[in-house]
Amino acid sequence: GQQVMQIPQYQHVQEGEDFTTYCNSSTTLSNIQWYKQRPGGHPVFLIQLVKSGEVKKQKRLTFQFGEAKKNSSLHITATQTTDVGTYFCAGVGGTSYGKLTFGQGTILTVHP
Amino acid sequence: DGGITQSPKYLFRKEGQNVTLSCEQNLNHDAMYWYRQDPGQGLRLIYYSQIVNDFQKGDIAEGYSVSREKKESFPLTVTSAQKNPTAFYLCASSIVQGFGHPTAFFGQGTRLTVV
């Protein structure tokens, strides 16, 4: 079945440093989505990428979808303590019609 | 307000007992999902359903059961066969692919503790 792998599992940064998490799928995706879960909370939708090679920005966050639509990345510039949480990617595609498959998530810790 | 509601927020269960977690949505979504999250870990899919009266096993379905008798409701039963049920359980809903690109809306979660 479809698998979505996400690395790294953990990332500790000093406030002001950049952060990147990577997502790789075993199959071609129709779209990739990113979610953020604050400590003690539930995942909240951030953004969706649909087109091959697509790049979207939300303030300090930059999201990319690979040309082959099998990988994606989330980059945060100059992290802040409010960025703390777990970032998940999720994709739909391959033989898993309609089923969102989540990556394992990257837990980001920001030290002030 | 449209949304997805899980209840209860905290649940304690004695070993050997079955317990049912509630999940209700008024977003008119066809697809619903149940995930399990252990501390510091990612989301593992238990069951999902794309239409009423139909559901499929996810990656860790053993020891769990679900029903989908109504579009709005997707309750999860944690049975006594689940050996390590203490976890954070998240329910989500989305549209079905084919009617757009599905994005997941999550409930607030239920923290289940076996005592």
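Observations
- Using 0.36 nm per residue and subtracting the Cα-Cα separation, the extra length available between A:Glu15 and A:Val84 on full extension is 23.8 nm.
- Rounded D (µm²/s) - chain A, Kirkwood Rh over Cα pairs, Stokes-Einstein at 10 °C, 1.306 mPa s: 114
- The stretch B:1-94 - Kirkwood radius from inverse mean 1/r over Cα pairs (Å): 13.4
- In this structure, A:His111 and B:Arg111 have a Cβ-Cβ separation that, at R0 = 45 Å, corresponds to a calculated FRET efficiency of about 0.95.
- Computed from phi, the 3J(HN,Hα) profile of the stretch A:39-51 under the Karplus parametrisation 6.51, -1.76, 1.60 (θ = phi - 60°) reads x, x, x, 10, x, 10, 4, 9, 6, 10, 10, 10, 8 Hz, with x in place of Gly and Pro.
- Among residues other than B:Val114 with Cβ under 14 Å from its Cβ, the summed charge is +3 (Lys and Arg +1, Asp and Glu -1).
- GNM top mover of B:Thr86, B:Thr103, B:Thr20 - chain B, alpha-carbon springs below 10 Å: B:Thr103
- With a cut-off of 10 Å between beta carbons, the residues surrounding A:Ile32 carry a summed charge of +1, where Lys and Arg count +1 and Asp and Glu -1.
- Of A:Lys36/B:Lys9; A:Lys59/B:Lys9; A:Lys57/B:Lys57; A:Lys36/A:Lys59; A:Lys99/B:Lys70; A:Lys99/B:Lys14, pairs whose Cα-Cα distance is over 25 Å: A:Lys59/B:Lys9; A:Lys57/B:Lys57; A:Lys99/B:Lys14
- Neighbouring partner chain Cβ atoms per residue of A:34-41, average, 10 Å criterion: 2
- Within 10 Å of each Cβ in B:107-115, the average number of Cβ atoms from other chains: 1
None of the figures in this text is laboratory data; all of them are computed from the coordinates on show. Everything numeric in this text was worked out from a predicted model, so none of it was measured. Reconstructed Cβ throughout: ideal geometry from the backbone, glycine too, with neighbour counts over all protein chains shown.
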